[in-house]
1. FRET efficiency for residue 151 and residue 104, Cβ-Cβ distance as r, R0 = 35 Å, nearest 0.05?
2. I need 89, 208 ordered by Cβ neighbour count within 10 Å, fewest first.
3. Using the Kirkwood formula over every pair of different C-alpha atoms, what hydrodynamic radius in Å results for region 243-289?
4. From Cα coordinates alone, what are the radius of gyration and Dmax values for region 92-223 in angstrom?
5. Stick to Cα atoms and the Kirkwood definition of Rh, then tell me Rg/Rh for the chain.
6. Taking the Kirkwood radius as the inverse of the mean 1/r across Cα pairs, report the Rg/Rh of region 59-131.
7. Any idea how far apart residue 222 and residue 68 come out in nm if each label point goes 7 Å out from Cα toward Cβ?
8. Size of the dipole of the chain about the Cα centre, Lys and Arg at +1 and Asp and Glu at -1 on the beta carbon, nothing else charged, in debye to 20?
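Just so it is clear, none of the values below were taken in a lab; they were calculated from the coordinates. Quick caveat: nothing in here was measured; it's all calculated off a predicted structure. Quick reminder, even Gly has a Cβ in these numbers, built from the backbone with ideal geometry, and neighbours come from all protein chains shown.
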Amino acid sequence: MTSDGEKAASAESATVETVAEALQRATVELKQRGTTRSARLDAEVLLAHSAQWSRTQLHCRIMDPLSESVKVRFWKLCGERAKGVPIAYLLGWKEFYSRRFAVSAGVLVPRPETELLVERSLQILQRSPGATNILDLCCGSGCIAITLALETLSKRIVAADLSDDALRVCKANIDHFGVGEVVEVVKSDLFSELPKEAFDLIVSNPPYVGTDFGPEADPDVMAHEPGMALFSGRHGTDHLESIVERAPAHLIEGGSLILECASFQAEKIEAWMAERGFSQTCLWHDLSGLPRGVSGRWEG
Ligand SMILES: C[S@@+](CC[C@H](N)C(=O)[O-])C[C@H]1O[C@@H](n2cnc3c(N)ncnc32)[C@H](O)[C@@H]1O
């Protein structure tokens, strides 16, 4: 296994190796390192990426020898994967709502549960067709804002984040998907730098890992994804609490707030929203029935 960089990678590439042999060896070695539970799949994805083939092409060429340049790329990526670097950072993209979003170290890799946040937002927007102004607070790669722009057409969306790295990736995704006329990017510490306007919908997937829970969380996530995207005070609720408190000043009468959170936080967040004066508060759940977020309506 390539442990460190190109030198080791080129040493690995000195022998002739077929697709099948490379996959077999990488799978065994990734399993031994224990940093992934999907060693064979990871090996296939990384080899397909290195050769610029689809996985189907990979299977059709299973007995082909690998070129030197593909081998160098592949074993270098395997070395990174063995250290726990997320696949999405190695590929440079992550699929979200059936689209490929660019990601890089410095921005959170979009999670499948956040697709549920998008679903919930779309349901609310369907019920209020006049809604035109949306805020995606803590936008990261822009996966929520851009997906809403593409799924709803003709909405105005502000995507805000405090991280320069995140905003750079978000802008690249906005350009890639051609939604620059709909999605405006703002650098802001939560609401502090936002335009003085009221939104119809505020959606947010803020950091919600507690520093108290950090050690229990996935060590690879902690080691490779930005702490600013993960942590929010001891209990993980500092951002959520602040958003619930401050959102009403940025919502129209009848506007909605939708938040993603950890399942064990959801009831507490719902109670805060009700106390703050939101009506129709409800939890939304993932496919295993766990609450993953809260929504509510601001009556003004
Ligand atoms: C959990 S990530 C979510 C990213 C993206 N919305 C997604 O779902 O993949 C949280 C994001 O909040 C941003 N963030 C952290 N603190 C912030 C603050 N005070 N104001 C604005 N954004 C902040 C981080 O930079 C990060 O991009």
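1. Working: r = 25 Å, r/R0 = 0.70.
So the FRET efficiency works out to roughly 0.90.
2. Numbers: 89 19, 208 24.
Going from least to most buried by this count: 89, 208.
3. 11.5
4. Cα only, region 92-223: 14.6, 45 Å (Rg, Dmax).
5. Numbers: Rg = 21.6 Å, Rh = 20.7 Å.
My calculation puts Rg/Rh at 1.04.
6. With Rg and the Kirkwood Rh in hand, the quotient comes to 1.20.
7. A separation of 4.3 nm, rounded to one decimal place.
8. Using only the charged Cβ atoms, the result is roughly 680 debye.
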